[in-house]
1. I'd like to check one number: the per residue accessible area of chain A, probe 1.4 Å, reported in Å² as a whole number.
2. Could you compute how much accessible surface A:Ile93 exposes when probed at 1.4 Å, giving the result in Å² to the nearest 10?
3. From the protein chains alone at 1.4 Å, what is the descending order of accessible area for B:Arg95, A:Arg111, largest first?
4. Add +1 for every Lys or Arg and -1 for every Asp or Glu among the other residues with Cβ under 14 Å from the Cβ of A:Ser25, and state the total.
5. With chain A treated as a Gaussian network of Cα nodes joined by springs under 10 Å, which of A:Gln104, A:Gln29, A:Gln42 yields the largest mean-square fluctuation?
6. Quick one: ranking B:Tyr64, A:Tyr36 by accessible area, 1.4 Å probe, largest first, what do you get?
7. Hey, can you grab everything whose amide H is under 5 Å from the amide H of B:Ser82? Only 5+ residues off in sequence or another chain; H modelled, so Pro and N-termini drop out.
8. Under the Karplus relation 6.51 cos²θ - 1.76 cosθ + 1.60, θ = phi - 60°, what is the ordered set of whole-Hz ³J(HN,Hα) values for the range B:11-26, x standing for Gly and Pro?
Amino acid sequence: GAVVSQHPSWVICKSGTSVKIECRSLDFQATTMFWYRQFPKQSLMLMATSNEGSKATYEQGVEKDKFLINHASLTLSTLTVTSAHPEDSSFYICSARDRSSYEQYFGPGTRLTVT
Amino acid sequence: AQKITQTQPGMFVQEKEAVTLDCTYDTSDQSYGLFWYKQPSSGEMIFLIYQGSYDEQNATEGRYSLNFQKARKSANLVISASQLGDSAMYFCAMREVAYSGAGSYQLTFGKGTKLSVIP
């Protein structure tokens, strides 16, 4: 079956530093990848949609300068949290849409803790 | 208005019994898809079942079935013969065609229902 990986699975960083999270589709090509954020005991909230080779589309209220998204290839999208603060601590989940089947597959998530 | 409403924050079910998790949705699209995902404490999102708006039959996948009532805009998940491993968060989600310049087909999630299976 289709597999999406995320790296790292968890990360702890100091306030003010930047963190990069990778999302890879391992056995299919993904023209579109989605980034979600999930706070404890809450639902997934879509942050942005990235399409290969073009700029990401951010949801209302998500700072594009803080959450940098790059989708440079059909199998890789990255989310960089710049100048992280404790309030950015959350569970970040990506999903990738198979260009052939249009099905969407989720990565295992990355737990970010900013101290 | 919320697009996906899950009114049950938490549910308990006895092992081996059946349980229904409620989901109602709001859309003006004619073509849409409804999904259920399971999220255990590990955090991964596990796809359970899918129902297309034009599907006439209710979807079934093993112990999971989706009670789709289009006129009522409801898509309830039925889990039969509950197992201890079914204890998790369950999310209902809808996919509409979102033409944000890329036809991205975004998923919108409900707030989830925490299911606890009692031995």
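1. Values: 5670 Å² over 115 residues.
Averaged over the residues of chain A, the accessible area is 49 Å².
2. Using a 1.4 Å probe on the heavy atoms, I get roughly 0 Å².
3. Numbers: B:Arg95 40, A:Arg111 110 Å².
Result of the area sort, largest leading: A:Arg111, B:Arg95.
4. On the way: positive: A:Arg24, A:Arg97, A:Arg99; negative: A:Glu22, A:Asp27, A:Glu52, A:Asp98, A:Glu103.
Taking every Cβ under 14 Å from that of A:Ser25, the sum is -2.
5. Per the Cα network of chain A with a 10 Å cutoff, A:Gln42 tops the list.
6. Values: B:Tyr64 35, A:Tyr36 0 Å².
Largest to smallest exposure gives the sequence B:Tyr64, A:Tyr36.
7. Result for B:Ser82 returns B:Lys16, B:Glu17, B:Ala18.
8. Whole-Hz 3J(HN,Hα) from phi for the range B:11-26: 9, 10, 9, 6, 3, 6, 8, 8, 9, 10, 9, 8, 8, 10, 9, 9.
The values are calculated or read from the model by the stated rules, or taken from the named source; none is laboratory data. Quick caveat, the model's predicted, so the values are computed rather than measured. Here the Cβ is made from the backbone with ideal geometry for all residues, glycine too, and neighbour counts use every protein chain on show. Side chains included, ligands, DNA and RNA excluded: accessible areas come from the protein's heavy atoms. Shrake-Rupley method; radii C 1.70, N 1.55, O 1.52, S 1.80 Å.
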